[in-house]
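Trainee: The structure that follows is given in the form of structure tokens.
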Amino acid sequence: MKITPRLSSIIHLVENCGSVADIGTDHGYVPVYLIENKICKRAIASDVNIGPLNIAKDYIQSRKLSNKIETRLGNGLKVLNSNEADIAIIAGMGGLLIADILDESKEVARSIPFFILQPMTASDKLRKYLYNNGYEIVKEKLSKENERIYETMLVKHGEMKISDDINFEIGEKLIQQQDELLIPFIDKKLSKISIIMDNIKSNSNETVKYKQLQEKHNKILEVKKAYESERHN
Ligand SMILES: C[S@@+](CC[C@H](N)C(=O)[O-])C[C@H]1O[C@@H](n2cnc3c(N)ncnc32)[C@H](O)[C@@H]1O
């Protein structure tokens, strides 16, 4: 089983549980690991596409775990009934899709105490959705794989406090928990913004966008400086 750093960051956020649901399981590595290592007692592995679900099914069978991991075909949390899962993992999808999955099944979502969310894109929009919809980020962890840095969040129902809008972009828990990849993560963001700014600098139609990016760049730089000076004190 290939437990890469990205998958490992998901697994490390799972505390002992009765039943875990892995939504969009694909290969099925995560539920198999959680059951084989006795972190969870039972699992539901779901996928909206039959191809990946069959791959997961074969893998689960090959590990002789079909009695503990049930596979279900379907969209998002719609494969679950209320109170079926103690924790739902939604990883490896865009942040907007993850927010849609939570939003489309509010009743089931309310019955799940914990979520592990790993957005591949638009993590700021996902954090904003969580903030506006009664979710609280308990922990966050960064992981690095093939030069890409991934954000993984442990989320529960509750009230989330946000000190500044820039913390939708850079999760406050990453700062509080002094994540070891925080500085490289911030530097990647800064360089991405700089590249876009360079590309649109001479285009007069993009003046507003340029200013917005400049503002964002400055705010992220402020976060970095404050973090560095706090760490050195
Ligand atoms: C990139 S894979 C990620 C697999 C695994 N969760 C991981 O993190 O390695 C995304 C998987 O999510 C599935 N998927 C996409 N949209 C979905 C949805 N709305 N509900 C359930 N599964 C979905 C895809 O079919 C695909 O197998």
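The values are calculated or read from the model by the stated rules, or taken from the named source; none is laboratory data. Note that this is a predicted model, so its numbers are computed, not measured. Positions of Cβ are backbone-derived with ideal geometry, glycine not excepted, and every protein chain shown enters the neighbour counts.
Trainee: Being touching a residue at least 12 places away in the same chain (Cβ under 8 Å) and of a type in the set (Ser, Thr, Tyr) is the filter; apply it to the stretch 43-73 and report the residue that is nearest to residue 29 (Cα to Cα).
Mentor: 59
Trainee: Among the residues of the stretch 74-101, which ones are small (Gly, Ala, Ser), within 16 Å of residue 21 (Cβ to Cβ) and without any contact (Cβ under 8 Å) to a residue 40 or more places away in the chain?
Mentor: Across the stretch 74-101, the qualifying residues are 74, 82.
Trainee: Only one of (1) away from the ligand (no atom under 11 Å from the Cβ); (2) in contact with a Lys or Arg (Cβ under 8 Å, 6 or more places away or on another chain); (3) not β-branched (Val, Ile, Thr) is not met by residue 28, so which one is it?
Mentor: Status for residue 28: all satisfied but (1).
Trainee: Restricting to the stretch 114-126, name every residue that is more than 9 Å from the ligand (Cβ to nearest atom), surrounded by 22 or more Cβ atoms within 10 Å (Cβ to Cβ) and within 16 Å of residue 20 (Cα to Cα).
Mentor: 115, 116, 117
Trainee: Another one. Could you list, in sequence order, the residues of the stretch 42-101 that are within 9 Å of the ligand (Cβ to nearest atom) and among the charged types (D, E, K, R)?
Mentor: Listed by number, the residues that qualify are 47, 78, 100.
Trainee: Test residue 142 against the stated conditions and say whether it is among the aliphatic types (A, V, I, L, M) and assigned to a helix (DSSP H, G or I).
Mentor: no
Trainee: Spot the failing condition for residue 111; the list is (1) closer than 12 Å to residue 152 by Cα; (2) hydroxyl-bearing (Ser, Thr, Tyr); (3) away from the ligand (no atom under 13 Å from the Cβ), and only one is missed.
Mentor: Status for residue 111: all satisfied but (1).
Trainee: Working only within the stretch 1-57, note down all residues that are of a type in the set (D, E, K, R) and either modelled with pLDDT of 95 or more or farther than 21 Å from residue 148 by Cβ (or both).
Mentor: Of everything in the stretch 1-57, those that are of a type in the set (D, E, K, R) and either modelled with pLDDT of 95 or more or farther than 21 Å from residue 148 by Cβ (or both) turn out to be 6, 15, 22, 26, 36, 38, 41, 42, 47, 57.
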